[in-house]
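Below is one structure, written out as structure tokens; comments come after it.
The values are calculated or read from the model by the stated rules, or taken from the named source; none is laboratory data. Bear in mind the structure is a predicted one, so any value in this text is a computation, not a measurement. Neighbour counts are summed over all protein chains in view; Cβ atoms, including those assigned to glycine, are modelled from backbone coordinates with ideal geometry. Keep in mind that these areas ignore ligands, DNA and RNA; they rest on the heavy atoms of the full protein, side chains included. Shrake-Rupley method; radii C 1.70, N 1.55, O 1.52, S 1.80 Å.
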Amino acid sequence: MQAIVSDIHSNLEAFTTVLEDIKSRGITDIICLGDIIGYGPNPKECVDLALDFKLCLLGNHEEAVLFEVHAQGFNPRASSAVRWTNRQFDILGEDRDSNARRWDFMGAMPRNYVANGITLVHGSPMDNTREYIYTTDVRNPKKMARIFSQVDHLCFVGHTHTPGVWTQDFTYRSPAELDFVYHITAKKTIINVGSIGQPRDGDPRACYGLFDGSTVQWVKLGYDVEATARKIHALKGLDDSLGDRLREGR
Ligand SMILES: [Fe+2]
């Protein structure tokens, strides 16, 4: 059994809640599909917790914080969070030795993993860090056909912060519609494991996936949302709305 996590977004309360749950199940194989950082108040602590994961892929927030701190394509509150996060990893400041290690770790993150019919990416197989696969894309057959043409059998993604399953027959199903378990078939399938630190499916609980080769299970866990929101509200570099949205899961 493997745990597949994504979009932690510097939310330490949500992340530690999930890691305790994973540990309590006796699972040691953890894969992260990107966006450990960005938006939230504890980027360094969250990176440190992921250092010994089996695999951590690059997300668009790591990419922006590391390589293009004045990134295009981010809205104003996201780009100011990118700049605030970048400053936390200052390699000339007080915490420079630890930050150099964190910088090396993030800088070495691969953009994808493809083996044995399985593709792992942050966004999509076409544009690994940037493209979103939305629930509404089932009404965009051209886009779905293009994406599925790059999928051998299974593709695990994050990035939209919306968990669920897309199949090649232009169907999307949410975890709730599937009773939180999906049995893998021979069909090409895209699976979004959801977001730990900033869910956007209307459910504020932290969400992650468990995969044993034949089934995917989504786990949702309540955590101390108010503690994270309070930290965000206290930080000048992070917009208050980034804390408020955690209460709604939007
Ligand atoms: Fe994200």
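Legend: distances between Cα atoms for Lys188/Lys220; Lys142/Lys231; Lys44/Lys143; Lys54/Lys188; Lys54/Lys187; pairs beyond 31 Å are Lys142/Lys231; Lys44/Lys143. Suppose we keep just the DSSP beta bridges with both residues in the chain; what percent of those would be antiparallel, to 5? In the chain, approximately 65 percent of DSSP beta bridges are antiparallel ones.
Highest average first, the peptides 229-241, 199-211, 28-40 ordered by how many other beta carbon atoms sit within 10 Å of their residues are 28-40, 199-211, 229-241. Charge tally for Ser98 (other residues, Cβ to Cβ under 13 Å; Lys, Arg +1; Asp, Glu -1): -3. Shape class of segment 47-121 from the alpha-carbon gyration tensor: oblate, with a/c at 1.5 or above and b/c at least as large as a/b. Note on the chain: dipole from Cβ charges, positive end direction compared against Gly59, Ala234, Ile8; the farthest Cα belongs to Gly59. Averaging 1/r across all pairs of distinct Cα atoms in segment 152-250 and inverting the result yields a Kirkwood radius of 14.4 Å. Here the spin labels are modelled as points 7 Å beyond Cα on the Cα-Cβ line, and at Lys187 and Arg250 they lie 3.1 nm apart. In terms of the mean number of neighbouring beta-carbon atoms within 10 Å, the peptides 121-133, 42-54 order highest first as 121-133, 42-54.
Partnerless cysteines in the chain, where a partner means another cysteine C-beta under 4.7 angstrom, comprise Cys46, Cys155, Cys207. Entry note, the chain: the mean residue ellipticity at 222 nm calculated from DSSP H runs of n ≥ 4, each adding -39500 (n - 2.57), is -9500 deg cm²/dmol after division by the residues and rounding to the nearest 500.
For segment 47-76, the residues whose backbone nitrogen is under 19 Å from a point 7 Å from the Cα of Thr28, taken along Cα to Cβ, are 49-56. Across the accessible surface of the chain, with the other protein chains kept in place and a 1.4 Å probe, carbon and sulfur atoms take up 49 percent. Here the chain is assigned +1 on the Cβ of each Lys and Arg and -1 on the Cβ of each Asp and Glu. Its dipole about the Cα centre then comes out at about 560 debye.
For Asp169 and Ser214, the FRET efficiency from 1/(1 + (r/R0)^6), where r spans their Cβ atoms and R0 equals 25 Å, is about 0.80. For segment 99-203, DSSP calls about 60 percent of its internal beta bridges antiparallel.
For segment 62-173, the gyration tensor built on C-alpha atoms gives a prolate shape. Its axis ratio a/c (a ≥ b ≥ c) is at least 1.5, and a/b is the larger of a/b and b/c.
For segment 1-133, a/c is not less than 1.5, where a ≥ b ≥ c are the root eigenvalues of the C-alpha gyration tensor, and a/b does not top b/c. That puts it in the oblate class. Average accessible surface for the chain: 43 Å² per residue, computed with a 1.4 Å probe over protein heavy atoms with every protein chain in place.
The packing ranking, built from the mean of other Cβ atoms within 10 Å per residue, places the peptides 218-226, 71-79 in the order 218-226, 71-79, highest first.
For segment 125-207, the extents of the C-alpha atoms along the principal axes are 33, 28, 21 Å, listed from largest to smallest. In the chain, inverting the average of 1/r over every pair of distinct C-alpha atoms gives 18.0 Å as the Kirkwood radius.
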